[in-house]
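The values are calculated or read from the model by the stated rules, or taken from the named source; none is laboratory data. Every value quoted in this text rests on a predicted model; they were computed, and no experiment measured them. Ideal geometry is used to build each Cβ from the backbone, glycine not excepted, and the neighbour counts take in all protein chains shown.
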Ligand code: ARG
């Protein structure tokens, strides 16, 4: 029998999928569970897959790859979708797709499968990535196809002796990995409704955060975080520590209306303490080490990169080009940033760099001032010349304040 590799989380949807795919498509199912740092318990997940009918169940720890090849590039790019979302799920999907394709080749499967619904961005990311990596692989998305309600799924599970995972009944749809946690649906579908307390698991409410602030020093080398408070750490550990620290001070919550790729506006709540802290620190270090022109241009790249990731175009030529730009762009983004965490806020309070473009002898109002004040006079004359000329010729006679007069006032 032909085989399919199913991305398997261990939850109800994917457990039911194992059996459903066998019945509907007559395929042997190999499950693939990928540890991207989600808090969900992965002990016993392989056994559960086998009990649900899989012929083989694999588990891959991809945390280090996720950090090195997906999270850090996103951070270096300054990629924040619609100024709000640090892209945890969106960065994880292409890695999962890649491992699905790899595993399919290893076990000789003709298809891969994932548990995405037909309304979200994730189906797009999976389908586009898989089709790019191997156009001959068929993609099956049971949840998109079967249109079962939760009750129908439970009934199906019972009928086929599929063990229903014992998770507490939750009205929300949650996805999480090392970089962040997303919560949607249920009561959150009303954009006017404040998120209830049970939405959050990684962060405390700012009213319950400690009265005293915490400080953390983050060191970057070429745009990549390498140490906290002077201690060198590998990426996974560094992110996990910042999650705990930031979360305990209520840092990293987002609640916004997001434009999905499939044309829907959705209300999304996120918890991403490490991402918020690291993006804030990294952005500030760039202000110290990139020129004004570089930083202006970088803002365009950040938006392009965020859209590229969000829209499932990880395996695109555009990505290669943006990555090549970032390699040079981040070269001198090296140094240390001090961040203060207090009652839900994350504020940069100090920064230093061996490559700093901030020069005390130019900036100071004190004794060491080496700036040429006389040169400013000539510069200002030239800088203001075109505006002055235009005001005189087109905007009214001297003595009037042209900017306060709109055409409508003239009538
Ligand atoms: N809106 C986010 C995104 O598109 C989060 C999606 C979360 N996925 C999920 N299956 N709950 O990346």
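Looking at this structure, is residue 93 buried (at least 18 other Cβ atoms within 10 Å of the Cβ), within 13 Å of the chain's Cα centre (by Cα) and in contact (Cβ under 8 Å) with a residue 24 or more places away in the chain? Against the criterion (buried (at least 18 other Cβ atoms within 10 Å of the Cβ), within 13 Å of the chain's Cα centre (by Cα) and in contact (Cβ under 8 Å) with a residue 24 or more places away in the chain), residue 93 qualifies.
Note on the range 188-279: enclosed strands (runs of 3 or more DSSP E) holding 3 or more residues that are farther than 16 Å from residue 91 by Cβ and within 16 Å of the ligand (Cβ to nearest atom) are 253-259, 265-271.
When 309, 301 are checked against the criterion of being surrounded by fewer than 20 Cβ atoms within 10 Å (Cβ to Cβ) and either within 16 Å of the ligand (Cβ to nearest atom) or assigned to a helix (DSSP H, G or I) (or both), a single residue qualifies: 301. Exactly one residue out of 83, 61, 102, 43 is free of Cβ contacts under 8 Å to residues at least 60 places away in the same chain and within 16 Å of the ligand (Cβ to nearest atom): that is 83. Which of the residues belonging to the range 155-172 are within 15 Å of the ligand (Cβ to nearest atom) and free of Cβ contacts under 8 Å to residues at least 40 places away in the same chain? Residues satisfying the conditions are 170, 171, 172.
Can we say residue 278 is out of contact with any strand residue (DSSP E or B) (no Cβ under 9 Å at 6 or more places or on another chain) and buried (at least 18 other Cβ atoms within 10 Å of the Cβ)?
In short, no.
State yes or no: is residue 12 more than 15 Å from the chain's Cα centre (by Cα), surrounded by fewer than 21 Cβ atoms within 10 Å (Cβ to Cβ) and within 23 Å of residue 102 (Cβ to Cβ)? No, not satisfied.
Restrict the check to the range 173-184 and report whether at least one residue is touching a residue at least 24 places away in the same chain (Cβ under 8 Å), away from the ligand (no atom under 11 Å from the Cβ), in contact with a helix residue (DSSP H, G or I) (Cβ under 7 Å, 6 or more places away or on another chain) and more than 25 Å from residue 71 (Cβ to Cβ). Looking through the range 173-184, none of the residues is touching a residue at least 24 places away in the same chain (Cβ under 8 Å), away from the ligand (no atom under 11 Å from the Cβ), in contact with a helix residue (DSSP H, G or I) (Cβ under 7 Å, 6 or more places away or on another chain) and more than 25 Å from residue 71 (Cβ to Cβ). When the range 126-143 is limited to residues that are out of contact with any helix residue (DSSP H, G or I) (no Cβ under 6 Å at 6 or more places or on another chain) and part of a helix (DSSP H, G or I), the one that is surrounded by the most Cβ atoms within 10 Å (Cβ to Cβ) turns out to be 128. Being touching a helix residue (DSSP H, G or I) at 6+ places or on another chain (Cβ under 7 Å) and part of a helix (DSSP H, G or I) holds for only one residue in 326, 362, and it is 326.
Can you tell which of 107, 124, 112 is at negative phi, within 10 Å of the ligand (Cβ to nearest atom), modelled with pLDDT of 95 or more and over 13 Å from the mean Cα position of the chain (by Cα)?
After ruling out the rest, the residue left standing is 124.
Where in the range 11-125 are the helices (runs of 4 or more DSSP H), entirely inside, with at least 1 residues that are in contact with a helix residue (DSSP H, G or I) (Cβ under 7 Å, 6 or more places away or on another chain) and closer than 25 Å to residue 240 by Cβ? Result: 63-66, 72-77, 88-107.
The condition (being without any contact (Cβ under 8 Å) to a residue 40 or more places away in the chain and either at positive phi or within 16 Å of the ligand (Cβ to nearest atom) (or both)) is satisfied by just one residue among 117, 149: 117. Checking the range 311-328 against the condition returns no match, with no residue being at pLDDT 95 or above and in contact with a strand residue (DSSP E or B) (Cβ under 8 Å, 6 or more places away or on another chain).
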